[in-house]
Structures are given as structure tokens and as C-alpha cells.
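Here the structure comes first, spelled out in C-alpha cells, and everything after it is commentary.
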Amino acid sequence: MLTHRINTFLSIRSPKTLQSLTQYHAYIITTGHHSTNIFISSKLISLYAYLHKPASSKQVFDSFDGYRDVFLWNSIIKAYFSNGIYPQCLDYYASMRVLTTLLPNQFTFPMVVSACAEVGDLVYGMIVHGSVFKVGMFQGSSAVGSSFVYMYSKCGHVDSARQVFDEMYLRDVVAWTALVIGYVQNGESEKGLRCVCDMYRTCGEDGRPNFRTLEGAFQACGNLEAVYAGRCLHGIVAKSGLICYIAVQSSILFMYSKCGTLEEAYMSFHEVPVKDIKLWTSIIGVYGKMGCIRRSLGGFMEMLVAGIDPDPMVVSCVISGLSNSICISAGKTFHGFMVRRHYDGDQMVHNALVSMYCKFGLISYAENVFNGVSVLDKEVWNAMLCGYGKVERGVKCIDLFTEMLHLGIDPDSYSLVSVISSCSQMGEMHLGRSLHGYVVKSLVKEQTSVSNSLIDMYSNLGEVATARKLSAIVDKINCPWWGISFNPKIELVNVMAA
């Protein structure tokens, strides 16, 4: 009877309830096996972790009186890793290395390295990398190599991830997928797409892309707006049967949405049997992006009828579509609908509303939304600045910019253009020169528009020599972040001066 009940316990894969597990645990304690049998203790640790009770797993581990081998250490490390408590996972790994002479095995390292990736601890991950080489485990396990590819990619060192990948003797689909997604998430979508092509070309049937690989591939196509490559990949996926995965269907929709191919996005949307909020956001967003505001609003209402509550992202997509279409009455109506449904309480929605009213030129409406927000982030400040610049409210634009700087909020390039244009309109040369110095010191990105506005300001305010000097410096340095050669307006000023 005793042996039968213990064997039954050891055969459990997933306990139905915490109560049933604690009953087994209580019975095992009465038999005296809980603190000496490593298999029973490991099973208890794993089952408590499965029920999201890592603290109970810890109690079992701490109460074990026998010899703790690497199998038991792996159990407690996995208990915290599987529940997303990565710092504690790393703490137990460190304890194992410091308190024992045990060597981690091919099951220990992938969890520890992945934990380093999740907490962004590149330095500790590199230390673990050194340990792997010392014990000679890198070449013998694709799981270990794949975890390092993932870790370096997650920490933004995709070149190191590629180097690890190239050094791997065994490259399975997990390693390829980690590299593809690493490239895409680090802004190198073209290399990620090339990896997928290499994968199809060089790997056998066992190494073909899985649904996670294809998610990364379709995301790369969307980022590059490579609709032709996306269509080819779509065809391959349909033939392979992987299109039945909802994750793949969703990524296809996202790809067509980013590429702006409306009908293909629409067809992909309706092929997905279970539509979540992300899918609705994608199709509503592409409608708004393409100027189909009726379909965007219709999709939003259809989503509500389907029983899905909107989040700030999908509400912002509708507002963005309204602002792009310049449908003032529809924008006001939707704003009122949001207020009645209490959808207007998020910072992202506030930002979208301010931006919409500024695009409409309704500055008083934008000010009402702006002044009603308790916490203002960088985006809404910049949107308000651009709105003042658009309607030529120079004094308010400059005052708001000054307040931004006092609060430590950095303006973006669009805001700088608005303020510099206001200085030009109001004849504020002194402030304009100060802005020029701020631009140079802060090395603001995307400064083609900023440089044009500075040259335009100097020429408008009669500082033709300064404008010419600035253009000559830009030409001589050929600096990519200035990115202009000569402003035609200055040429006209020079002709008139002659």
C-alpha cells in the first residue's frame, strides 16, 4: 500500500489542485521519505512550481537532509525560472557553485543563461559563458548554445550572438529561431530575413522553421515593408501546413498591415478563427493608416459587439486614423463616445487626442485635453509644441518650450523645428542662436529638418552670412545628421543681394 501510493505520486505529471498535492505531501512526511529521498523531493519541488508555489518548493529544498546532487539543484532553479522569478534562479545557481563542488550540466546552463537574458545581466551571462567553456559543454549541447544566442540578442549584442551561432557544432531550429528573432528585435530585419532563407536552404526537414521562426520572419518582412517576400513566405507556409497555427496567422496579418496592403490584411484577419485585441488593433490600425476611416470605426464597433474591451492602443489607432483623415466632426464625436464609455483615462489616449486636435488646428481643444492630464509625458509635450507651431502661436510655443526644458523634458526634432520657426516668425534671433547651440550639443537625431529650419531662420532674419557659413560647414563635413547641401531660399537671397 505504501509503495503503491508513493509510485502513484511519482507518476503525477500535473496535480489538479494544491489541496491534492498537499495531501500527498502530508502522507509522504508521515512515511519519513520527504527529507532523504531525492526523487520524491525533486518531484515535490517540481509540482509546487507547476502550481506557481515556488515558496513551497523552497521549503521542500531547504528541508532535504540528504546529499543534494545536481538533479535536485536543477529542480529548485527550474522552480523559480518557470515562474519568472529570475533573480532567485540566479541566486540558487550561485549558491550551487559556491557551496558545492558540483558542476552544472546541460540542463542547468540553459535556464541560468536565459535568466541572465531576462534580467538583462550581460556581465553575469558572460561569466557563465566562460564556465561553459571550462567544463567543455558548449559543443555538445545545442540547447546551451541556443541559450547564449538568445541571451546576447536579448541584451542587444547581436554580433556576439552571431559569433556564438557560428561556433555551434549542432544548430537546431531553436538556435536558428533565436538568431532570427534576435536580428529582428535589434533592428536588423534584413539579416533576420536572410537567416530564414539560409535556414530553408541548408537545413533538412528536422531543421525547418517552426511557428516562432515564422513569427520573426513575417515581422522582418513587415519592418522592411517587403510585401513580395512576405507573400512568398506566406505561400511556403500555406504549403507546409504551418498556417494552421494562430500565431502564424496573426503574424501574417501584422505583416500585411505594416506593408499597407489593405485587402490582403483584411483577408488574413478573417482567416483567424479566434481574434484577440492585438488582431483587432492591427486591422483597425491599417484601416486608419490607409485613410479608410469608416472601416476603422466600423471595425472598432464590431470589436465591441464581439465582447472585446478596447485597450489604449486600439483607441489610439482609431484617433490616429481620424487625425490623418482630417474628419473633424467624426473626431469630436468619437472623443465624446470615449468620454461616455470611460476610454479616455490613459496617457496614450491623451497623447493621441492632443495630436489629433493639433492636426485639426483646434488648439483650444488640444489645450483642454493637455491641461486636464495629471501626468504629462514627453510625447504630449512635443505634440502640443508642434500644434502651437502649426497655427503660428509663436509666444505660446516658446513659453511651452522653456517650461519643458525647466522640467528636464527633451524635445524631439519636430518640436525643435516648431520652436525655431517661431523664433523666425517673431524675430527672436538671440533665442534662435541658443537653440542652435542646444541642437549641436544634444546631437539630436533626424536633424535634416532641424538644419533646414535653422538655415531658414538665419536667412529670414537677415543673417545671410551665417546661413551660408552653416551650409558650407555642412557641405564640408558631409555630416549625415545634418544631411543637406544648400537651401534654395538662400540662393534666392544671394541673387537678390547681388
Just from the alpha-carbon atoms, what are the Rg and Dmax of the range 275-375 in angstroms? 12.7, 38
Sequence-distant aspartates and glutamates (8 or more away, or on other chains) whose Cα lies within less than 17 Å of residue 289: 225, 263, 264
Once you charge only the Cβ atoms, +1 for Lys and Arg and -1 for Asp and Glu, what is the size of the charge dipole of the range 234-358 about its Cα centre, to the nearest 20 debye? 200
Taking R0 as 25 Å, what FRET efficiency do you get between residue 245 and residue 198 from their Cβ-Cβ distance, rounded to the nearest 0.05? 0.65
Which residues does a label at residue 172 reach in the range 127-146, if reach means a backbone N under 12 Å from a point 7 Å past the Cα toward the Cβ? 141-146
Can you compute the charge dipole magnitude of the chain about its Cα centre, using +1 on each Lys and Arg Cβ and -1 on each Asp and Glu Cβ, nothing else charged? Give it in debye, rounded to the nearest 20. 680
What's the whole-number percent of alpha carbon pairs in the range 16-116 lying beyond 22 angstrom? 26
Measuring from the longest principal axis of the C-alpha atoms of the chain, the long axis of helix 262-271 (C-alpha) lies at a number of degrees, nearest 10, equal to 20
What does the extension gain come out to for residue 324 and residue 185, with contour length at 0.36 nm per residue minus their alpha carbon separation? 47.2 nm
Over all directions, how big on average is the projection of the convex hull of the alpha-carbon atoms in the chain, in square nanometres? 32.0
Give the distance, in whole Å, between the Cα centre of the range 341-364 and the Cα centre of the range 259-313. 21
Cross-link partners among aspartates and glutamates for residue 275, C-alpha distance below 12 Å, same-chain residues fewer than 8 apart left out? 302
Where in the range 221-247 does the label zone of residue 274 land, with the point 7 angstrom along Cα→C-beta and an amide N cut-off under 17 Å? 243-247
What list of ³J(HN,Hα) values in whole Hz, one per residue of the range 315-324 in order, does the Karplus curve 6.51 cos²θ - 1.76 cosθ + 1.60 (θ = phi - 60°) give from phi, with Gly and Pro shown as x? 5, 5, 5, 5, 4, 4, x, 5, 5, 5
Work out the FRET efficiency for residue 36 and residue 95 from their Cβ-Cβ distance, taking R0 = 22 Å, and round it to the nearest 0.05. 0.60
Over 28 Å (Cα to Cα) - which of 332/390; 278/378; 278/359; 378/441; 332/396 fall in this group: none
Angle between the chain longest axis and helix 173-185 axis [Cα atoms, degrees, rounded to 10]: 20
In terms of Cα to Cα distance under 28 Å, which lysines are near enough to residue 58, apart from those fewer than 8 places away along the same chain? 16, 43, 78
Of 47, 244, 272, farthest towards positive along the dipole that unit charges on Lys, Arg, Asp, Glu beta carbons give the chain: 47
Cα→Cβ-extended label distance, 7 Å offset, between residue 26 and residue 106, nm: 4.2
Per residue of the range 292-300, in order, report the coupling 6.51 cos²θ - 1.76 cosθ + 1.60 (Karplus, θ = phi - 60°) as ³J(HN,Hα) in whole Hz, putting x for Gly and Pro. 8, 5, 5, 5, 5, 5, x, x, 5
Pairing the Cα long axis of helix 38-50 with the longest principal axis of the chain, what angle in degrees results, from 0 to 90 and rounded to the nearest 10? 30
At R0 = 45 Å, FRET efficiency that the Cβ-Cβ distance of residue 159 and residue 465 yields, to 0.05: 0.45
Computed [θ] at 222 nm, deg cm²/dmol, the chain (DSSP H ≥ 4; -39,500 (n - 2.57); rounded to nearest 500): -23500 deg cm²/dmol
Please give, to one decimal in nm, the separation of the simple spin-label points placed at residue 65 and residue 301, each 7 Å out from Cα toward the Cβ. 7.3
For residue 449 and residue 399, extending 7 Å from Cα along the Cα-Cβ vector and measuring point to point gives, in nm, a value of 2.5
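Quick note: the coordinates plus some simple rules give every number you see, no bench work behind them. For clarity, every value in this text was computed on a predicted model and none was experimentally measured. Reconstructed Cβ throughout: ideal geometry from the backbone, glycine too, with neighbour counts over all protein chains shown.
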